[in-house]
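Values quoted throughout were computed directly from the atomic coordinates according to the rules given, and no laboratory measurement underlies them. Note that this is a predicted model, so its numbers are computed, not measured.
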Amino acid sequence: MGIEVVLLLIIVTYGGNFLLYTFFKKKREIQGMEKLAIIFGINMLILLLDSALIVMAVLIEKGAAS
């Protein structure tokens, strides 16, 4: 179960950043600090989602083991 969770987290993290990159390629009017704020905000949201998935995976694994 551990490797599946790691692969899911990699896909979510890099997929989210790829979608953000393609969004910024199309939007030329967003510049400077606004672009950085959006990047950091999205990455913090992805890290929160990754953490929640790890906690749920551990809880499921502990529940399945007992």
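List of remarks:
- Seen against the Cα atoms of the chain and their longest principal axis, helix 2-26 is set at about 10 degrees.
- Axis angle, to the nearest 10 degrees, between helix 32-65 and the longest C-alpha principal axis of the chain: 10 degrees.
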